[in-house]
1. Starting from 0.36 nm per residue, how many nanometres of slack lie between Glu100 and Tyr163 once their C-alpha separation is accounted for?
2. Given R₀ = 25 Å, FRET efficiency for Leu148-Leu20 by Cβ-Cβ distance, to 0.05?
3. Using the number of other C-beta atoms within 10 angstrom as an exposure proxy, rank Met112, Met1 with the fewest first.
4. Below 8 Å between Cα atoms, with a sequence gap of 6+, how large is the relative contact order for the range 103-186 in percent?
5. Sequence gap at least 6, Cα distance under 8 Å: using those rules, report the relative contact order of the range 1-42 to the nearest whole percent.
6. Counting helices only, and only those DSSP H runs with n ≥ 4, report the 222 nm mean residue ellipticity of the chain as the sum of -39,500 (n - 2.57) divided by its residues, in deg cm²/dmol to the nearest 500.
7. When the Karplus curve 6.51 cos²θ - 1.76 cosθ + 1.60 is applied with θ = phi - 60°, which whole-Hz ³J(HN,Hα) does each residue of the range 167-176 get, with x for Gly and Pro?
8. With the crude spin-label approximation of a point 7 Å out along Cα→Cβ, what separation in nm comes out for Ser141 versus Ala42?
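A short reminder: the numbers here are calculations on the coordinates, not readings from a lab. All figures in this text were calculated on a predicted structure; none of them were measured in a lab. All Cβ positions, even for glycine, are placed from backbone atoms using ideal geometry, and neighbour counts span all protein chains on display.
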Amino acid sequence: MFFAGWKLVGLGAGIGAAVLFGVALFAYERRQGRPAAVVRLALLLVAIRATVGLTSGSATAYLATEIGIDTALGCAVLGSLASARPFASWFASDIYSFPEPVRDSPSYRQAMRTITTVWGVYFLVRALVRLTALLALGTNSYVLVIALTDAPGLIALLAWSVYYTVGVFRRSEEWGQLIAAAEARP
């Protein structure tokens, strides 16, 4: 949304389009009755980027903000491993409503800790890729790199997160037999 608005109209239009898109996604998720934790975080990040872009008047500053955000996210996500509730568990309810006994189980905690670690590393690597692209390629090519890598990378990581969690539960001593029995029913 940003790129189209930026190139077709100007920087302010691009930022406005990104903000409107984020607000529309948030409203949609809330109407569906979901907590929208992921969208809330994304909306906060859009607001930060919009503020930087509008106050600086620079597309480069707007885009570079993503690098700082990814670095901060990577550090915060990895830092959450020190808490009883790592990052991935904050967003798990957006995908599936786990009952309390499941959320309290060792299998769930193991899955959330591993997923949190992978996401933290992903954000740090993404920041490095973005920094390299912005410094080496300039803003137009940077946006192209982001467009070609962001959505596929995020979708793949989300899919892996779900796949990994299901695998942990299927292999666990506490939930494996229950899952197998439930799947065996017609």
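1. Here the segment from Glu100 to Tyr163 would lengthen by 20.6 nm.
2. Once rounded, the FRET efficiency stands at 0.60.
3. Met1, Met112
4. Relative contact order, the range 103-186: 37 percent.
5. About 27 percent, as a whole number.
6. Using -39500 (n - 2.57) per qualifying helix, the result is -28000 deg cm²/dmol.
7. Rounded to whole hertz, the list is x, 4, 5, 5, 8, 6, 5, 7, 10, x.
8. Going from the Ser141 label point to the Ala42 one covers 2.8 nm.
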